[in-house]
Amino acid sequence: MSQPIIRVENVGLRFDSFVALDDVSLAVNAGQCIVICGPSGSGKSTLLRCINGLERFQKGDVWVDGVSVRGCQDLPKLRRGVGMVFQHFELYPHMTVLENITLAPIKAKGLSRKQAEDLAFHYLDRVGIVDQAQKHPGRLSGGQQQRAAIARALALEPKAMLFDEPTSALDPEMIAEVLYVMRDLAQGGMTMLVVTHEMGFAREVADEVIFMDRGRIVEHAPVDEFFSTPRAERTREFLNKILLKL
Amino acid sequence: MRYEFDWGLLWREPYFGWIVEGVLTTFHLALLAWVLALCLGIVIGVLRVTNSRVLRAIGTTYVEIFRNIPLIVQLFLWLYVVPQMLPREFSFWWNRLDNVPYWTAMIGISFYTSARLAEQIRSALRAIPPGQFKAGLSTGLTQVQVYRYVIVPYALRIIIPALTSEFLTVFKNTALALTIGVIEITATTRRIEAWSFRGIEAYTVASLTYIATTILVILFMSWLERRYQIPGLIKRGEARV
């Protein structure tokens, strides 16, 4: 088997005395979609930030496409290879959607404006908001903003995508349009690591599901097994809580 | 009041020529000082919010030195004290420049202003959601690029109104340059008064110059504010929701 796109090995991270990540290991193979869920403060987002070097960890290491994050001399290059989508979109409000998307391809990757704009339109089309290219993010709905943010990440043509609760800040109606785009990506063969509480999405799209609690991976199983026969008591408790919304 | 006005005096030589020269000196002194102050202010403002303790300390020291000494004292320091502390060759070169008081005033005013600007810029930078920085980094931009293309342009748009008043302050502070021998518009009016004993006419020219220019600046800056407002984020005359 070829090497995984993302490999996390025994990563440990503490903020002073608070243990954010405790001996976390996982691997995402090419084309795989893995969903991470768990209560807030369980280290899901921190883990994603460790993968593209936005957070420094004290123990273990992460490899992205064979490159060690700990020993990485060129973090910007490594980060270009991993798209990231945030809970609050984090589009740059003073630029148009098109400028948001073309900034990094031009400044970090060295593409010409023309090349970058072609790429941008290609991905805007893919997420279905080509007609919003010249608008500023503040003029878009939440769902459109998140789709623009996805296009921004895709325009760097990354090897993998990290999603950090991409639908948690959205109205129910808009969640669907973002999940639709993500499902389309996964089916198109994109390697994805998704932190989300959308269990419907996990069930339908994910290959594997990880449950985290207090900085540890409590359960890591293929998607069917995860929902039908969760092994850990803590996982069952969590699933019961979020699936039986009374 | 028994005083016969003689406004025509202002159009006569040599006074008219003096006035033109004085107004021009004020203008380019203010503009040059402003541009330098803005560049320095942005750099120092960014230093004050970086993660590096050393850089933050440098920024803080700079700000506290230059904003806590009265401008007029700073001008004297730049003119009399600093050149003596510099290497011999440099002070020779410096003293042989054509317009030492002018350059001294420009440096003094811009350093003083940059410290004030750095504080404004620092507070604007801190108002920007930290997620913006992470987003920039995550797309492979370097830290410097994130500041250059994302954070600083965003911050500057937030503080355009504050920049307007800072520019007006710089403009009026150029009057202090007369204390170290720069013949800008205020110095010119004093000279006209000394030559003609026509103080009212002379000082009217100075006052009108300042008022007319500041009004133009205010109009320009409010245009700039509209031009660069961030759509959907900050609207004129409307509270941010």
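A single member of B:Ile128, B:Ile69 is touching a Phe, Trp or Tyr at 6+ places or on another chain (Cβ under 9 Å) and within 14 Å of chain A (Cβ to nearest Cβ), and it is B:Ile128. Out of curiosity, is A:Lys44 among the basic types (Lys, Arg), under 24 Å from A:Thr167 (Cβ atoms) and in contact with a strand residue (DSSP E or B) (Cβ under 7 Å, 6 or more places away or on another chain)? In short, yes. In region A:131-144, is there at least one residue being basic (Lys, Arg), closer than 17 Å to A:Arg7 by Cβ, facing chain B (nearest Cβ under 10 Å) and in a helix (DSSP H, G or I)? Looking for residues that are basic (Lys, Arg), closer than 17 Å to A:Arg7 by Cβ, facing chain B (nearest Cβ under 10 Å) and in a helix (DSSP H, G or I), one finds none in region A:131-144, hence no.
Taking the criterion of being within 9 Å of chain A (Cβ to nearest Cβ) and of a type in the set (A, V, I, L, M, F, W, C), the residues of region B:134-146 that qualify are B:Ala135, B:Leu137, B:Leu141.
Scan region B:225-239 and give yes if some residue there is of a type in the set (Asp, Glu) and over 18 Å from the mean Cα position of the chain (by Cα), otherwise no. Yes, that holds for at least one residue. Here A:Pro222 clears all of (1) surrounded by fewer than 21 Cβ atoms within 10 Å (Cβ to Cβ); (2) in contact (Cβ under 8 Å) with a residue 60 or more places away in the chain except the condition numbered (2).
Determine the pairs where a residue that is more than 7 Å from every other protein chain (Cβ to nearest Cβ), located within region B:222-233, has a partner that is in a loop (DSSP other than H, G, I, E, B) and at pLDDT 85 or above with Cβ atoms under 9 Å apart, the partner being 6 or more residues away or on another chain. The qualifying pairs are B:Tyr228/A:His94. Considering (1) loosely packed, with under 15 Cβ neighbours inside 10 Å; (2) in a helix (DSSP H, G or I); (3) basic (Lys, Arg), the lone condition that A:Arg147 does not fulfil carries the number (1).
Output the residues belonging to region A:92-116 that are within 8 Å of another protein chain (Cβ to nearest Cβ) and hydrophobic (A, V, I, L, M, F, W, C).
Start the filter on region A:92-116 by keeping residues that are within 8 Å of another protein chain (Cβ to nearest Cβ), which leaves A:92-94, A:103-104, A:107-109.
Answer for region A:92-116, where residues must be within 8 Å of another protein chain (Cβ to nearest Cβ) and hydrophobic (A, V, I, L, M, F, W, C): A:Leu103, A:Ala104, A:Ala108.
Given the condition within 21 Å of A:Ile6 (Cα to Cα) and of a type in the set (Asp, Glu), answer yes or no: does some residue in region A:193-211 qualify? Looking for residues that are within 21 Å of A:Ile6 (Cα to Cα) and of a type in the set (Asp, Glu), one finds at least one in region A:193-211, hence yes. Consider region A:75-92 and keep the residues that are touching an Asp or Glu at 6+ places or on another chain (Cβ under 7 Å) and in a loop (DSSP other than H, G, I, E, B). The one that is farthest from A:Ala155 (Cα to Cα) is A:Gln87. Of the residues A:Cys50, A:Cys72, the single one that is in a helix (DSSP H, G or I) and either among the hydrophobic types (A, V, I, L, M, F, W, C) or surrounded by 21 or more Cβ atoms within 10 Å (Cβ to Cβ) (or both) is A:Cys50.
Residues that are without any contact (Cβ under 8 Å) to a residue 12 or more places away in the chain, within 14 Å of chain B (Cβ to nearest Cβ) and within 30 Å of B:Tyr154 (Cα to Cα) do not occur anywhere in region A:160-170. Criterion applied to A:Ile175, A:Ile217 was being closer than 19 Å to A:Lys44 by Cβ, free of Cβ contacts under 8 Å to residues at least 40 places away in the same chain and buried (at least 21 other Cβ atoms within 10 Å of the Cβ), and the one residue passing it is A:Ile175. Total residues in region A:70-90 satisfying the condition of being touching a strand residue (DSSP E or B) at 6+ places or on another chain (Cβ under 7 Å) and within 13 Å of chain B (Cβ to nearest Cβ): the figure is 8. Please indicate, with yes or no, whether at least one residue in region A:190-207 is among the polar types (S, T, N, Q), over 23 Å from A:Ile51 (Cα atoms) and not in a loop (DSSP other than H, G, I, E, B). Scanning region A:190-207, I find no residue that is among the polar types (S, T, N, Q), over 23 Å from A:Ile51 (Cα atoms) and not in a loop (DSSP other than H, G, I, E, B), so the answer is no. Look through region A:58-69, keep the residues that are buried (at least 17 other Cβ atoms within 10 Å of the Cβ) and in a strand (DSSP E or B), and return whichever of them is farthest from the other protein chains (Cβ to nearest Cβ). Only one residue fits best here, namely A:Gly60. Just so you know, in region B:1-60 the residues that are among the charged types (D, E, K, R) and farther than 24 Å from B:Val170 by Cα include one that is surrounded by the fewest Cβ atoms within 10 Å (Cβ to Cβ), and it is B:Arg2. Of the residues contained in region B:45-54, none is found to be part of a helix (DSSP H, G or I) and touching a Ser or Thr at 6+ places or on another chain (Cβ under 8 Å).
Looking at region B:131-220, the helices (runs of 4 or more DSSP H) lying wholly inside it that each contain 1 or more residues that are free of Cβ contacts under 8 Å to residues at least 12 places away in the same chain and over 26 Å from B:Leu77 (Cβ atoms) sit at B:152-158, B:185-196.
All of B:Tyr102, B:Tyr112, B:Tyr80 fail the test of being surrounded by fewer than 16 Cβ atoms within 10 Å (Cβ to Cβ) and in a helix (DSSP H, G or I), apart from B:Tyr80. For region A:23-36, the tally of residues that are buried (at least 17 other Cβ atoms within 10 Å of the Cβ) and out of contact with any helix residue (DSSP H, G or I) (no Cβ under 7 Å at 6 or more places or on another chain) stands at 4.
The values are calculated or read from the model by the stated rules, or taken from the named source; none is laboratory data. What you are looking at is a predicted structure, and each value in this text was computed from that prediction instead of being measured. Note: ideal-geometry Cβ built from the backbone for every residue, glycine included; neighbour counts use all protein chains shown.
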